[in-house]
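The values are calculated or read from the model by the stated rules, or taken from the named source; none is laboratory data. Bear in mind that the values here come from a model prediction, so they are computed numbers and not experimental data. FYI the Cβ positions are ideal-geometry reconstructions off the backbone, even for glycines, and counts take in every protein chain you see. Please note that ligands, DNA and RNA were not included when accessible areas were found on the heavy atoms of the full protein model with its side chains. Shrake-Rupley method; radii C 1.70, N 1.55, O 1.52, S 1.80 Å.
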Amino acid sequence: MFRDRSVAHLYETTVNVTGLALLAGLVFAMPPSPWFVLFAALAAAADYWNFRTPFGYVSFSFALTLPAEVLYGPSTAALVCALGNIAGNTIPLRRPARIGAFNAAQFTLSVFCGWLAQEGVARLVQTGPAALVAPYVAFVAVFFVVNNSLVACMVSLEHGLPLRSVTAHLHWEAFAHLVTAVLGTMFIVVERTSGTLTALLAVVPALALSYLLNVQHRLDTRNRELEALYDASQSLAGSLNWDTVCEVVVRSSARLASASRAELWVASEDGKWLMSAAVFGPGEAAALGTQIAAGEGVVGQAFVRGESGLERLRGPDGHARHILAVPLVHGETRLGVLELEARQPFSDDHRRLLSILSPQVASALRNVMQYRETEQQAQTDPMTGLANFRRFSTELPRKLEAASQAGQPLALVYLDLDNFRDFNNRFGHQVGDEVLRSFARILLDSVRQGDLVARYGGDEFVIVLPGAGPEEAAAVVDRILQRVHRLRINVGSNVSPTLAVSAGFAVYPEDGRDADHLIRTADEAMYRQKRRFGAG
């Protein structure tokens with residue numbers, strides 16, 4: 001929460017107490033017209049059927065507020081504004097009661113200030129054509145200024161936004177206000193010539209137009225949402241590539257939630273950590289690979305609880321940042337969290353769309369994970385956990401091509417366990433299996449990240465060292481032989497036999513320019529060493 005949240009609360013309380021007390025005082029001092037019920041009902045319909053334009057939302061409710069004030073006074077107009085907004089906006093949209101109270105209070109203050117301006121201008125301008133128009137122009141102008149000022153201050157304090165960003169759209173608000181004021185003036189003319197009921201009936205076509213535009217906007221919005229969901233579903237279902245799926249997830253979720261940033265966090269196998277797998281928006285390069293603990297922050301809490309979480313922070317630019325964390329759950333398995341960030345609060349529609357998308361995302365991630373596990377198993381030797389012959393045969397040509405394009409050497413080391421059969425024959429296959437696993441750990445500990453270690457077959461192993469020349473390859477072989485010499489195999493007796501290893505290497509391009517030639521050269525080098533030391 002912001003440190004100025006107390007200021008926002010104080011401001012809200014002040015407006016509420018002042019406005020609602022004023023409303024009670026107006027109703028007591030100037031009893032409203034019985035027509036206020038119909039006016040308020042039509043105003044509620046106008047608020048509920050507001051429609052969106054490229055510049056903002058439009059409601060015809062002020063077209064009823066203006067004639068209510070001109071014809072029946074400020075108490076009737078204040079009730080029409082307050083009740084119309086509560087019935088047409090707060091209740092249908094399930095907004096918090098505090099928002100409804102604030103709107104009722106600020107509308108009352110706007111009507112009252114507009115009425116004071118109207119009365120003041122009427123006293124100043126008592127003759128001529130201006131006397132007929134100026135008071136009502138004053139009411140319209142002051143109502144607009146007070147209404148938007150009260151709301152802008154509340155939004156600025158509540159969400160930590162600069163006042164200038166909140167008021168940036170006021171030119172459009174002023175235009176829409178002017179249009180509804182013209183409609184309200186027409187209502188007044190009809191009422192004075194044909195009566196209140198006729199004037200109210202004359203409002204129906206405008207409300208019908210507002211209703212049709214509202215329906216069209218909702219249909220357009222739903223169509224765009226369905227199109228976005230369909231595109232996301234097709235993309236997620238149509239790919240088993242991890243990077244592609246992650247990219248689709250963050251881009252689709254940002255689009256659906258109107259978010260400026262989206263980040264996909266994927267859980268570790270033990271569920272204790274979450275790692276950033278994909279980012280859409282600012283800070284992408286710096287964020288990838290970042291880890292947080294389960295339970296840490298709004299993201300970690302959403303993962304642990306399995307429920308969406310909301311957080312509001314102040315960004316480095318002073319603007320509010322609204323964070324929405326959506327857990328990704330497949331069956332009983334928690335796979336990760338989708339984190340979204342926006343300047344404006346996330347709406348119920350945003351959460352609804354993400355609740356539809358998140359199970360599809362979880363299913364797609366699970367499918368890709370299972371595919372990767374299957375691929376990994378198909379390319380991994382089950383005994384040692386090293387790459388198997390299939391993966392080695394696929395990777396070596398690729399690494400040779402990369403070395404050729406980069407103009408760099410590549411070394412291939414070939415190793416053979418000389419006395420492996422003795423371990424199997426003397427101590428059993430369980431000991432033999434442990435020998436293979438121990439030797440595999442030595443190989444992995446002796447190479448760099450990015451080098452490829454594979455079990456070529458039986459007791460033969462190979463290592464691919466991109467960028468390594470003869471000196472580097474010899475150093476790796478020496479390191480392996482020293483660690484093997486220190487290795488002691490537990491065979492369940494006082495005997496601690498040592499493992500004998502023969503090794504040879506070949507270097508691209510001097511010793512071979514293709515995979516077969518390089519393997520053959522390294523194999524021959526290994527056998528020369530084996531014969532030299534008399535290994536069988």
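Couple of notes before you dig in:
- Protein heavy-atom accessible surface, 1.4 Å probe, per residue over the chain: 51 Å².
- Alpha carbon centroid spacing (whole Å) that separates segment 350-368 from segment 222-297: 10
- Computed over segment 291-447: relative contact order in percent, which uses C-alpha pairs under 8 Å that are six or more apart: 12
- Legend: helices of the chain (whole DSSP H runs) are marked when their alpha-carbon atoms reach 20 angstrom or more along the helix axis and their mean Kyte-Doolittle hydropathy is at least -0.5; marked are 5-29, 97-124, 130-159, 170-194, 196-237, 242-257, 429-445, 470-486.
- Computed with a 1.4 Å probe over protein heavy atoms only, the accessible area of Leu264 comes to about 0 Å².
- CD proxy at 222 nm, helix term only [per DSSP H run n ≥ 4: -39500 (n - 2.57); per residue of the chain; nearest 500]: -21000 deg cm²/dmol
- Overall shape: oblate for segment 9-84, with the ratio a/c of the largest to smallest alpha carbon gyration tensor axis at 1.5 or above and b/c at least equal to a/b.
- Segment 205-332: C-alpha gyration tensor shape, a/c 1.5 cut-off, then a/b vs b/c: prolate
- Part-to-part distance (alpha-carbon centres) for segment 456-515 and segment 170-205, which is given in Å: 91
- Cα gyration tensor category, rounded, prolate or oblate, for segment 346-479 with a/c compared to 1.5: oblate
- Of all stretches in the chain that contain no GluC sites (Glu not before Pro) in a DSSP loop with at most 16 other Cβ atoms within 10 Å, the longest one is 1-268.
- The label-point distance for Gln370 and Val145, in a model that sets each label 7 Å from Cα toward Cβ, rounds to 6.7 nm.
- Listed options for Cα Rg over 2.2 N^0.38 Å are (i) 1.57; (ii) 1.36; (iii) 0.91. The value calculated from this structure is the one marked (i).
- Across the chain, the relative contact order, built from alpha-carbon pairs under 8 Å that are at least six residues apart, equals 9 percent.
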